[in-house]
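Undergrad: Can you read through this structure? Questions will come right after.
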Amino acid sequence: MAAVAAIFAVATAAPFGSTTASADTGTNAAKYYGMWNYDQPDAATLNNIDVLACPDGGGQCDPQLPLPLQVPQVGWVVFSPGPNGTVNGHTDGGCTWNFRVQRTGLELSSTTQQCTNRAVGSPGNITKWSVQVKGNRETESIVTVSHQPNGVDLIGTMKSGSRTKVVDGRHNGKFVQRFVGDYRYDPADFHTLTNVVSTDKGTVYPEQGTVRFSGTHHDRGKINAHTPDGCDWTLVVRGNTAELDPDTQTCHTANGDRSLYYWALVTDDGQHMNGFLAGSTTAPGQPPTNTFLYVGALTRSATDPDEKPRRPGWFTAPTMSAGLGH
């Protein structure tokens, strides 16, 4: 499983170079501007699910990888004015894309933009990213190329993606309330990598236990996450998404240090979460071991008795077939 730590450059990517692409004069680029969060991924419809596979279904990829692999997408993009009438899309992975504005929506201004995702550390590029916006709803489709250490490229395809614009303030209390409470990791599945931590030392182990999220009245946008290892982490809530804030945090334990430099969680119903986590552990006298949880899934284990029932069908649990990829 050593190759697992390098295959997920697909969630975010590509800084733009100088471009002379111009906007279509009949399109209002301003409707794209702002922060847009991925909606809760849905394994039944594959909405906001990136499917990783070998090129042309070939057998050159690491046979230990459970391909094709479904990876729920989480996080945000901020669209803002770019040079010469274009639009920039800056992602929470630390990369920026450049788009042409067309009558049908946004399209990448080139297919050669590349980036190394700070949350993963592997380079890649996106050959297609189409974006359409109607009001506060965004839809998209993406095709990505992730460059592997063995020289083989993995292809990622998300045919159906959707996001919601962050409005009414970044720190809306109703969104914070969705996160507050106890969430337990779903059972780990090594066939789908659900709740399986991979390291850059070639080892894997299940993520398990309960995470307790709590908020404060002093800063309603900030929440605290108390993880099973006894560590506390600070996240900021923006709409349906909570992310590590500040970007890098370290917890000192009796067994060494644990650091996180990326953690994003999404919940639309306040009952289930999808997440993506990257960090490191450092034992005394040893070099750091990088750790990655690409497919995180949690379910609320204790619900506020005053909470109103949610409508059924808002969320499809991300548990995937044990036969996937075989």
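Undergrad: Taking segment 250-276, which residues are free of Cβ contacts under 8 Å to residues at least 60 places away in the same chain and not in a loop (DSSP other than H, G, I, E, B)? Steps first, answer last, please.
TA: So the first thing to find is which residues in segment 250-276 are free of Cβ contacts under 8 Å to residues at least 60 places away in the same chain, and the list is 250-260, 263, 271.
Answer for segment 250-276, where residues must be free of Cβ contacts under 8 Å to residues at least 60 places away in the same chain and not in a loop (DSSP other than H, G, I, E, B): Thr250, Cys251, His252, Thr253, Gly256, Asp257, Arg258, Ser259, Leu260, Trp263.
Quick grid of which residues meet (1) modelled with pLDDT of 95 or more; (2) touching a His at 6+ places or on another chain (Cβ under 9 Å); (3) within 20 Å of Asn117 (Cβ to Cβ):
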| site | (1), (2), (3) |
| --- | --- |
| Ile7 | no, no, yes |
| Val10 | no, no, yes |
| Ala14 | no, no, yes |
| Thr20 | no, no, no |
| Gly26 | no, no, no |
| Ala30 | yes, no, no |
| Ala44 | yes, no, no |
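Undergrad: Which one of these is farther than 30 Å from Arg137 by Cβ and in contact with a strand residue (DSSP E or B) (Cβ under 9 Å, 6 or more places away or on another chain): Thr241, Thr289?
TA: Working: Thr241 fails: farther than 30 Å from Arg137 by Cβ.
Step by step, each of Thr241, Thr289 is checked, and only Thr289 is farther than 30 Å from Arg137 by Cβ and in contact with a strand residue (DSSP E or B) (Cβ under 9 Å, 6 or more places away or on another chain).
Undergrad: Answer yes if at least one residue in segment 56-73 is in contact (Cβ under 8 Å) with a residue 24 or more places away in the chain, part of a strand (DSSP E or B) and not aliphatic (A, V, I, L, M), and no otherwise.
TA: Looking through segment 56-73, at least one residue is in contact (Cβ under 8 Å) with a residue 24 or more places away in the chain, part of a strand (DSSP E or B) and not aliphatic (A, V, I, L, M).
Undergrad: Only residues that are at pLDDT 95 or above, open to solvent by 10 Å² or more (accessible area, probe 1.4 Å) and assigned to a strand (DSSP E or B): list them for segment 97-115, please.
TA: Once the filter is applied, which keeps residues that are at pLDDT 95 or above, open to solvent by 10 Å² or more (accessible area, probe 1.4 Å) and assigned to a strand (DSSP E or B), segment 97-115 yields Arg100, Gln102, Glu107, Leu108.
Undergrad: Filter segment 48-60 down to residues that are surrounded by 21 or more Cβ atoms within 10 Å (Cβ to Cβ) and not polar (S, T, N, Q) and give me whichever is modelled with the lowest pLDDT.
TA: Filtering segment 48-60 for residues that are surrounded by 21 or more Cβ atoms within 10 Å (Cβ to Cβ) and not polar (S, T, N, Q), the one modelled with the lowest pLDDT comes out as Leu52.
Undergrad: Just to be sure, is Ile142 part of a strand (DSSP E or B) and either open to solvent by 20 Å² or more (accessible area, probe 1.4 Å) or within 24 Å of Cys54 (Cβ to Cβ) (or both)?
TA: yes
The values are calculated or read from the model by the stated rules, or taken from the named source; none is laboratory data. Because the structure is a prediction, the values reported are computed rather than measured. Here the Cβ is made from the backbone with ideal geometry for all residues, glycine too, and neighbour counts use every protein chain on show. Please note that ligands, DNA and RNA were not included when accessible areas were found on the heavy atoms of the full protein model with its side chains. Shrake-Rupley method; radii C 1.70, N 1.55, O 1.52, S 1.80 Å.
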